[in-house]
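The values are calculated or read from the model by the stated rules, or taken from the named source; none is laboratory data. Bear in mind that the values here come from a model prediction, so they are computed numbers and not experimental data. Methodologically, a virtual Cβ is constructed for each residue, glycine included, from the backbone with ideal geometry; neighbour enumeration extends over all protein chains shown. What goes into the accessible areas is simple: the full protein's heavy atoms, side chains included, and nothing from ligands, DNA or RNA. Shrake-Rupley method; radii C 1.70, N 1.55, O 1.52, S 1.80 Å.
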Amino acid sequence: KIENNNGVGEIIYTTDGSDPRQIGGIPSATTYFSSSDVTIELDHTTIIKSRIKNGANWSVLNEMVFAKKVEDYMNLKITELHYHPLSVIIEGDTIDAKDMEFIELKTTGNYAINISGLKVDTAVYYTVPQLTVLPPANFYVIASKPEVFYDIYGMSPSGNYKGNLSKAGE
């Protein structure tokens with residue numbers, strides 16, 4: 001239940017994990033509005049983000065995550081397996097190919113997916129931390145060397161696996 005304890009303003013919320021307020025202070029396209037408390041019935045993992053809007057003023061962002069215990073992974077895909085990149089030279093330093101390996105997962109459905117506890121355990125080893133929910137159309141990337149991944153792609157991976165892909169089949 002989403003409640004407005006202030007007694008003034010309107011509840012503005014999303015169920016797709018996005019902020020209901022866009023840059024510039026306008027509501028996002030996936031926003032729901034309510035002038036009173038809201039009860040939502042859910043049958044899938046959901047990330048609800050809400051704010052109270054009173055005139056031109058917005059409250060801080062509130063987030064609630066509801067995760068199914070038994071998840072349907074049909075819409076979780078391995079979208080990239082970067083297992084045999086070429087070594088590169090950056091500012092005179094050679095970056096070993098195995099240090100640039102990564103595995104990318106993506107949610108392809110309309111709902112968030114609880115990926116807590118998922119394991120990769122063949123040539124590389126990684127367990128997704130508890131309380132990890134991946135919003136719709138989002139990525140979860142695990143890398144061999146996070147600092148190298150950041151240097152090359154300009155973003156931090158979600159996690160750091162141990163080991164390396166064998167390049168001969170796992």
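Scan the range 1-39 for residues that are in contact with a Ser or Thr (Cβ under 7 Å, 6 or more places away or on another chain) and among the aliphatic types (A, V, I, L, M) and the total you get is 3.
Can you pull out every residue in the range 135-170 that is on the phi < 0 side of the Ramachandran plot and touching a Gly at 6+ places or on another chain (Cβ under 9 Å)? Walk me through how you get there before you give the answer.
As a first pass, look at the range 135-170 and keep what is on the phi < 0 side of the Ramachandran plot: 135-136, 138-153, 155-162, 164-166, 168, 170.
Hits for the range 135-170 are P135, P136, N138, Y140, V141, I142, A143, S144, P146.
Evaluating S87 against the criteria (1) at pLDDT below 90; (2) within 30 Å of Q22 (Cβ to Cβ) leaves one unmet condition, (2). G24 is checked against (1) open to solvent by less than 30 Å² (accessible area, probe 1.4 Å); (2) out of contact with any strand residue (DSSP E or B) (no Cβ under 8 Å at 6 or more places or on another chain) and fails just one. What number does that condition carry? Status for G24: all satisfied but (1). Here I47 meets each of (1) outside any loop (DSSP other than H, G, I, E, B); (2) open to solvent by 50 Å² or more (accessible area, probe 1.4 Å); (3) not basic (K, R) with one exception, condition (2). Within the range 53-76, at least one residue is at negative phi, more than 24 Å from the chain's Cα centre (by Cα) and crowded, with 18+ Cβ neighbours inside 10 Å. Apart from one condition, T39 fits all of (1) modelled with pLDDT of 90 or more; (2) open to solvent by 50 Å² or more (accessible area, probe 1.4 Å); (3) within 23 Å of the chain's Cα centre (by Cα); the exception is (3).
Any idea which of T45, T14, T30 is among the β-branched types (V, I, T), under 19 Å from the mean Cα position of the chain (by Cα) and under 30 Å from S144 (Cα atoms)?
Just one listed residue meets the conditions, T45.
Restricting attention to the range 27-50, report how many residues are hydroxyl-bearing (S, T, Y) and in contact (Cβ under 8 Å) with a residue 40 or more places away in the chain. Of the residues in the range 27-50, 3 are hydroxyl-bearing (S, T, Y) and in contact (Cβ under 8 Å) with a residue 40 or more places away in the chain.
Yes or no, residue by residue, for (1) out of contact with any Pro (no Cβ under 6 Å at 6 or more places or on another chain); (2) open to solvent by 20 Å² or more (accessible area, probe 1.4 Å); (3) outside any loop (DSSP other than H, G, I, E, B); (4) in contact (Cβ under 8 Å) with a residue 40 or more places away in the chain:
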{"position": "S116", "(1), (2), (3), (4)": "yes, yes, no, yes"}
{"position": "Y125", "(1), (2), (3), (4)": "yes, yes, yes, no"}
{"position": "P129", "(1), (2), (3), (4)": "yes, yes, no, no"}
{"position": "A137", "(1), (2), (3), (4)": "yes, yes, no, no"}
{"position": "D151", "(1), (2), (3), (4)": "yes, yes, yes, yes"}
{"position": "P157", "(1), (2), (3), (4)": "no, yes, no, yes"}
{"position": "S166", "(1), (2), (3), (4)": "yes, yes, no, yes"}
